[in-house]
Amino acid sequence: MTLFHGLSAFPVTPADEAGRVDTDRLQALVSRLAAAGVASIGVLGSTGGYPYFSSPERARALTAAVAAANSAPVLAGIGALRASDVLRHAQDAEAAGAAGLLLAPVSYLPLTDGEVLGLARDVAAASSLPILIYNNPGTTHFTISEDLLLRLAEIPTVRAVKNPAPPDGDFAAQIARLRPRLPEHFSLGYSGDATIVGALAAGADAWYSVIAGTFPEICRAFWEARADPGRLAALDARLGPLWDLFTAHGGIRVIHEAVNLIGLGPVALPRPLLPLPAPVRDEIAAALAAAGLLTGEAA
């Protein structure tokens, strides 16, 4: 199995109000995922709030996560506004023992394709670790087009992409277009838990999951059912109310509440993000209970 294949779980990053990472609590979350047998663990992804942490805290988080991951590979989010910070994060990730880098094109000003390509080349020159390109236009406001992805894939250490759902929702068509034009080793993976069944059914190489960072067992059931349409549909329906809450309030807000509800917290959103109001927390609790996830996982 290659690094960028299978179910990748992205936990939250516990921290205090000043942004100091609670490494003990982070290690507890990471070790739980490793014990569940996920293919990889994504630290400092969007769920992990990477833009809200200083470089030293990000390095502390990665060192702690790698120590707790046992044999599970850790993917390190390295996105930042300044290229010099991205390169520092890449080098810190390599020093901490991360297995791969997660590179999102973060910017305040709109980026061009050439600027994103140049950033990826700079990261490849600064670190020997394989790179997973993070295409997250909902957050970065930059879309990595299929043409740009093909150019990025020419960089030897760029080995994978973490894509959102295609604009037309046709995962199979996108995969069919891209596979023949990408290097044989290149992995086509997807995020966006609420629409992931389409990607799994279409033959995605990997699922980079928010919910797996808290509920790995049911997500493993999704992955193992990817060739079984009936089972996949049943699992998706079971989590339908939770997907609705993700869409309405954002996955990062919902999953922080879920972590607290099942007793793995306390964890708090990084300010200025605020906790969801009590009625929404009640809806999250009801959705988890209906899915059999409130008091323990059941796949």
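For the range 274-284, give me each residue that is touching a residue at least 24 places away in the same chain (Cβ under 8 Å) and either surrounded by fewer than 16 Cβ atoms within 10 Å (Cβ to Cβ) or assigned to a loop (DSSP other than H, G, I, E, B) (or both).
Passing the criteria: only Leu276.
Quick one: which of Leu102, Leu129, Leu152, Leu148 is within 16 Å of the chain's Cα centre (by Cα) and buried (at least 18 other Cβ atoms within 10 Å of the Cβ)?
Just one listed residue meets the conditions, Leu102.
Does Gly189 count as touching a Ser or Thr at 6+ places or on another chain (Cβ under 8 Å), closer than 20 Å to Leu200 by Cα and either in a strand (DSSP E or B) or acidic (Asp, Glu) (or both)?
Yes: the conditions hold for Gly189.
How do the pairs read when you match residues in the range 7-18 that are more than 30 Å from Arg226 (Cβ to Cβ) with residues anywhere that are basic (Lys, Arg), using Cβ under 8 Å and keeping only pairs 6 or more apart or on different chains?
The qualifying pairs are Pro14/Arg25; Glu17/Arg271.
Evaluate the following for Leu7: is it outside any helix (DSSP H, G or I), over 21 Å from Arg220 (Cβ atoms), in contact with a helix residue (DSSP H, G or I) (Cβ under 8 Å, 6 or more places away or on another chain) and at pLDDT 95 or above?
no
Do we find a residue being at positive phi, small (Gly, Ala, Ser) and either modelled with pLDDT of 95 or more or buried (at least 22 other Cβ atoms within 10 Å of the Cβ) (or both) anywhere in the range 45-66?
yes
Residues of the range 203-219 being small (Gly, Ala, Ser), assigned to a loop (DSSP other than H, G, I, E, B) and buried (at least 18 other Cβ atoms within 10 Å of the Cβ), which ones?
Ala204
Applying the selection to the range 182-197, what residues are aromatic (Phe, Trp, Tyr) and over 13 Å from the mean Cα position of the chain (by Cα)?
Phe186
Name the residue that is nearest to Pro51 (Cα to Cα), counting only residues in the range 69-92 that are at pLDDT 95 or above and out of contact with any helix residue (DSSP H, G or I) (no Cβ under 7 Å at 6 or more places or on another chain).
Here the residue is Leu81.
Six or more apart or on different chains, Cβ under 6 Å: which pairs go from a residue in the range 259-272 that's of a type in the set (Lys, Arg) to one that's part of a helix (DSSP H, G or I) and surrounded by 17 or more Cβ atoms within 10 Å (Cβ to Cβ)? Could you list them?
none
Report, by residue number, each residue of the range 269-299 that is closer than 29 Å to Trp223 by Cα and of a type in the set (Gly, Ala, Ser).
Selection gives Ala285, Ala286, Ala287, Ala289, Ala290, Ala291, Gly292, Gly296, Ala298, Ala299.
Would you check which residues across the range 1-44 are farther than 19 Å from Leu129 by Cα, of a type in the set (Ser, Thr, Tyr) and buried (at least 19 other Cβ atoms within 10 Å of the Cβ) and list them?
Thr13, Thr23 - these are the residues of the range 1-44 that are farther than 19 Å from Leu129 by Cα, of a type in the set (Ser, Thr, Tyr) and buried (at least 19 other Cβ atoms within 10 Å of the Cβ).
Output the number of the condition that Val38 fails; it satisfies all remaining conditions of (1) part of a helix (DSSP H, G or I); (2) in contact with a strand residue (DSSP E or B) (Cβ under 9 Å, 6 or more places away or on another chain); (3) over 22 Å from Thr140 (Cβ atoms).
For Val38, the exception is condition (1).
Can you name the condition, by its number, that Tyr190 falls short on among (1) in contact with a Leu (Cβ under 9 Å, 6 or more places away or on another chain); (2) within 17 Å of Leu132 (Cα to Cα); (3) surrounded by fewer than 24 Cβ atoms within 10 Å (Cβ to Cβ)?
(3)
Would you confirm whether any residue within the range 278-289 is under 16 Å from Ala212 (Cβ atoms) and touching a helix residue (DSSP H, G or I) at 6+ places or on another chain (Cβ under 8 Å)?
Taking every residue of the range 278-289 in turn, at least one turns out to be under 16 Å from Ala212 (Cβ atoms) and touching a helix residue (DSSP H, G or I) at 6+ places or on another chain (Cβ under 8 Å).
Within the range 278-293, does at least one residue satisfy the condition of being in contact with a His (Cβ under 9 Å, 6 or more places away or on another chain), at pLDDT 95 or above and of a type in the set (A, V, I, L, M)?
Within the range 278-293 (the criterion being in contact with a His (Cβ under 9 Å, 6 or more places away or on another chain), at pLDDT 95 or above and of a type in the set (A, V, I, L, M)), the answer is yes, since at least one residue qualifies.
The values are calculated or read from the model by the stated rules, or taken from the named source; none is laboratory data. This one's a predicted model, so the numbers in the text were calculated from it and none came from an experiment. When we count neighbours, we look across all protein chains shown, and the Cβ atoms used for this are built from the backbone with ideal geometry, even at glycine.
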